[in-house]
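These notes are about the structure you will find just below.
Read the figures in this text as sums done on the coordinates, not as results from a lab. Predicted model only: the values in this text are computed from it and were never measured. Here the Cβ positions follow ideal geometry from the backbone for every residue, glycine too, while neighbour counts run over all protein chains shown.
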Number of protein chains: 2
Amino acid sequence: MLTNSRLVHQAHDHGRCINAALTRALDLCVERKARMTPTREAVLRLLWQSHQPLGAYQLQDQLATLLDKTIAPPTVYRAIEFLLQLGLIHRIASLNAYIGCPFPNSDHSNLFMICNNCGSAAEVAHASINELLQTASDKANFTLQSQTLELFGLCPQCASIENESK
Amino acid sequence: MLTNSRLVHQAHDHGRCINAALTRALDLCVERKARMTPTREAVLRLLWQSHQPLGAYQLQDQLATLLDKTIAPPTVYRAIEFLLQLGLIHRIASLNAYIGCPFPNSDHSNLFMICNNCGSAAEVAHASINELLQTASDKANFTLQSQTLELFGLCPQCASIENESK
DNA sequence: ACATTAATGTTATATTATAACGTAACACTT
DNA sequence: AAGTGTTACGTTATAATATAACATTAATGT
């Protein structure tokens, strides 16, 4: 099982996350002959600033501040589109929000565990879940092509806080 | 495994689906002391007209035609909200669309298999998938509360058509 | 340098969803 | 039946998310 759930839910050297993500992104760009432009890089950085998914218009605001100029929605959505295509970020459908992908190279199905309290989202790639979903699809004669798997609940930190307060 | 996938993907007496859904809905309303008003009933019917999820504004159009008066968005969303709360319909997050629930009484996790070609959506309640998701959550110390599970691909009919044309 | 492609800027608008406030219908008590 | 509280609906406006269309600029290859 591949996951960043421990990392997400704990204090950690966050600069490293961002730098690692950026390095991976640059490598991927070279590989795919794609361009990592300032806007795209800024969006990627923002999506790694926290382990919480950000909406397009939150990104717009932050981007405008960061680059110190007005940014129109299409600019944001173009960067998002680009990063999605490279697999560097994911879209979380139930939140209309976007988040950096911790393991962009691996072929994986993105299952998210999203905290209802603090908003953090950890990604998990769980082989047996995927196998089971494949099996279930096969049984139904359904040709599986892609999937949206989003679990909502409480992250370890928020759960323990809730318990304390009882 | 509880599913309506065979039904969804085959020709069948559709009037029955609707009537059955309506009967269940009325029972549930009595049980919960909720009111099944004309608007709510119309929305429920529309969501059972096909096994394809409908967006709120598609519902608005069809509702306006059906009731022969102009319908404003809040009216639609209120009916949707009501039906969602009773568990009579589901929201499909990746499509921003709504669909009738085939087994509203059972306590289940709504996994959908959605056809990328014809748009049909079958619901599946699969105990072992739920168990596995619960186990995965436990391992991550994540307190699971709800889930969005949406599989995309080709339904049996559309898949076989694709194969023929090769 | 030039042509080509890729990326961005800009304006407008589509799509999905909700806030806020007023009115009407219903249901319960007396 | 009149009064009262609650629930549902009507109406207007607007918020939030996303994209279309077209002009401009920048980068890349020859």
Exercise for review: Rounded to the nearest 500, what is the 222 nm mean residue ellipticity of chain A from helices alone, with -39500 (n - 2.57) per DSSP H run of 4+ residues and division by all residues?
Suggested key: -15000 deg cm²/dmol
Point to revise | Cross-link reach list, aspartates and glutamates versus residue B:139, counting only Cα pairs under 13 Å and skipping chain neighbours closer than eight places | key: B:131
Review point. Taking the Cα centre of chain B as origin and charging only Cβ (+1 Lys, Arg; -1 Asp, Glu), how large is the dipole, in debye to the nearest 20?
Key: 360
Review point. Taking the Cβ of residue B:156 as the center, what net charge do the other residues with Cβ under 12 Å away carry, scoring Lys and Arg +1 and Asp and Glu -1?
Key: 0
Study note, to complete from the structure: Counted neighbours (other Cβ, 10 Å), sorted fewest up, put A:137, A:5, A:106, A:165 in the order A:165, A:106, A:137, A:5
Check your understanding: Which of A:79, A:20, A:97 moves the most in a Gaussian network model of chain A with Cα springs under 10 Å?
Key -> A:20
Check your understanding: Rg to Rh for the protein assembly as shown: what is it, with Cα atoms only and Rh by Kirkwood?
Key -> 1.00
Review point. Mind checking the mean number of beta-carbon atoms from other chains within 10 Å of the Cβ atoms in A:122-132?
Key: 3
Review point. Per residue of A:153-162, what is the mean number of Cβ atoms on other protein chains within 10 angstrom of that residue's Cβ?
Key: 3
Check your understanding: Tell me, how many Å apart are the Cα centres for region A:1-56 and for region B:62-105?
Key -> 38
Point to revise | Options A:63, A:89, A:47, ranked by Cα towards positive dipole end of region A:1-102, top entry (Cβ charges) | key: A:89
Review point. Using the count of nearby Cβ atoms within 10 Å as a rough guide to exposure, how do B:101, A:118 rank from fewest to most?
Key: A:118, B:101
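Other chains' Cβ within 10 Å of B:13-26 residues: what's the mean?
Average per residue, whole number: 0.
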Revision key, fill the gap. By Cβ neighbour count within 10 Å, fewest first, A:57, A:98 rank A:57, A:98
Study note, to complete from the structure: Percent antiparallel among DSSP beta bridges confined to region A:2-164, rounded to 5, stands at 70
Exercise for review: Take the Cα coordinates of region A:17-104, assign each an equal point scatterer, and use the Debye formula without solvent to give log10 I(q)/I(0) at q = 0.11, 0.13, 0.21 Å⁻¹.
Suggested key: -0.25, -0.36, -0.96
Exercise for review: Take the Cα gyration tensor of region B:2-164, multiply each eigenvalue by 5, square-root it, and list the three semi-axes largest first, rounded to whole angstrom.
Suggested key: 27, 21, 15
